[in-house]
Amino acid sequence: MKAKLLKVDWYDPELTFITEAAGVLERGGLVAFPTETVYGLGADGLNSKAVISIFNAKGRPVDNPLILHVSEPSEVYKIAYPTPLAEKLMKSFWPGPLTLVLRAKDIVPPEATGGLDTVAVRMPSNQVANQLIRYAGVPVAGPSANRSGRPSPTDAEAVFKDLGDFVDIILDAGPTHVGVESTVLDVTGDKAVLLRPGGQSVEAISEVAGAVDLIGTTDQKKMSPGTRYRHYAPLVPLFLTGEGEPDPAPFLKRFSRIGYLGISDPEIDVTFRVIFTDIRSYARGLFSAMRELESKNVDAIVAEFPSEKGIGLALRDRLRRASGR
Ligand code: TXA
Ligand code: MG
């Protein structure tokens, strides 16, 4: 089976395609859909069998839990117990690239939570995602629509390459706007704990939630299973360059076709370069640029390590993981 590609409008999706895709979800099938961050691999989040098929399609470790996507804040109460802090953050940042980890209700199948007593919930701002969830009438489980360990897909072609044999429908609305995944925040207590930096900046979150604990202790690592796995990796070695980073030049001697990604011009000789105008477009284009350089058969990638301000924190996290550090 090859996935059916349906082109939809990013802002005003065609209803016939949305209802067709929602029907697939209702019958336990898989639909890849755009969000403002990256493309997601959707299934009915309350249907154990459908959720298991997500893990099979991705080759994902079963103890790495999924995000359940909702189409409005009130739907959270069907699946979780939000704390007052969570409600404050929902009011300020939803819809948008912020995922909240909450105490789960029993209705959520253990397959979706990796057996934890918490569940990650997010309300995406993209209208295709929103309408799909609305018409499906259930929370939609949705990890990024890539094979496990690969860079997240920011367009439908990348989804098709990774998962075209596994999904029923791919809703293609063009490239995503944020480009890195959502920020994941544990808000089960009275202090927010950052489990994964992402599209929503920590600075803005702190203005609403007060100080945010950055992940680091062993305990917190346990709480965010996703952080245990290598992620976002291109097929070739990736080296970082920038302030405070060791000079990559000595490591690059054994490579002949080098690809470069960054905002500044490279200080070394490279075969291909992708230069971004600012940090936002770097975030938006990072994953597709990695895939593009791979397709040009580079044998190494050098990427500029940006400052940690705003979305830079998420970029640094993804780049560090891609470099295998
Ligand atoms: O932007 C995004 O978040 C995209 C789009 C499709 O919404 N989704 C996404 O999902 O990136 P995924 O599965 O690739 O990443 C979800 C992250 C993982 O690191 C996972 O471990 C963590 O959220 N997570 C999910 N449920 C959790 C829970 N109950 N406790 C702690 N971490 C959780
Ligand atoms: Mg992912």
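The values are calculated or read from the model by the stated rules, or taken from the named source; none is laboratory data. Note that this is a predicted model, so its numbers are computed, not measured. Here the Cβ is made from the backbone with ideal geometry for all residues, glycine too, and neighbour counts use every protein chain on show.
Brief remarks on what is shown
- Test: residue in segment 155-177 that is farther than 16 Å from V51 by Cβ, assigned to a strand (DSSP E or B), hydroxyl-bearing (S, T, Y) and within 12 Å of ligand 1 (Cβ to nearest atom): no
- Candidates L30, L68, L41, L6: the one that is among the aliphatic types (A, V, I, L, M) and more than 16 Å from ligand 1 (Cβ to nearest atom) is L6.
- Strands (runs of 3 or more DSSP E) wholly inside segment 1-61 containing at least 2 residues that are among the charged types (D, E, K, R) and either at pLDDT 95 or above or in contact with a Leu (Cβ under 8 Å, 6 or more places away or on another chain) (or both): 4-7
- Some residue of segment 290-306 being surrounded by fewer than 20 Cβ atoms within 10 Å (Cβ to Cβ), of a type in the set (S, T, Y) and either under 12 Å from L261 (Cβ atoms) or in contact with a helix residue (DSSP H, G or I) (Cβ under 9 Å, 6 or more places away or on another chain) (or both): no
- Test set (1) surrounded by fewer than 24 Cβ atoms within 10 Å (Cβ to Cβ); (2) small (G, A, S); (3) away from ligand 2 (no atom under 16 Å from the Cβ) - A21 fails condition number: (1)
- Any hit, segment 148-166, residues being over 21 Å from G45 (Cα atoms), within 16 Å of ligand 2 (Cβ to nearest atom) and in contact with an Asp or Glu (Cβ under 7 Å, 6 or more places away or on another chain): yes
- Restricting attention to segment 178-194, the residues that are touching a strand residue (DSSP E or B) at 6+ places or on another chain (Cβ under 9 Å) and assigned to a loop (DSSP other than H, G, I, E, B) add up to 6.
- As for segment 67-83, it holds at least one residue that is out of contact with any strand residue (DSSP E or B) (no Cβ under 8 Å at 6 or more places or on another chain) and among the polar types (S, T, N, Q).
- The listed residue being of a type in the set (A, V, I, L, M, F, W, C), touching a helix residue (DSSP H, G or I) at 6+ places or on another chain (Cβ under 7 Å) and at pLDDT 95 or above, out of V108, V159: V108
- Selection status of L319, in contact (Cβ under 8 Å) with a residue 12 or more places away in the chain, surrounded by 13 or more Cβ atoms within 10 Å (Cβ to Cβ), touching a Phe, Trp or Tyr at 6+ places or on another chain (Cβ under 7 Å) and not β-branched (V, I, T): yes
- Residue match in segment 81-91 (condition: closer than 27 Å to P175 by Cα, more than 10 Å from ligand 1 (Cβ to nearest atom), in contact (Cβ under 8 Å) with a residue 12 or more places away in the chain and assigned to a loop (DSSP other than H, G, I, E, B)): no
- In the set Q220, Q200, only one residue is touching a strand residue (DSSP E or B) at 6+ places or on another chain (Cβ under 9 Å), at pLDDT below 95 and not in a strand (DSSP E or B); that residue is Q220.
- Taking segment 92-135 as the range and being β-branched (V, I, T), within 10 Å of ligand 1 (Cβ to nearest atom) and part of a helix (DSSP H, G or I) as the test, only T113 passes.
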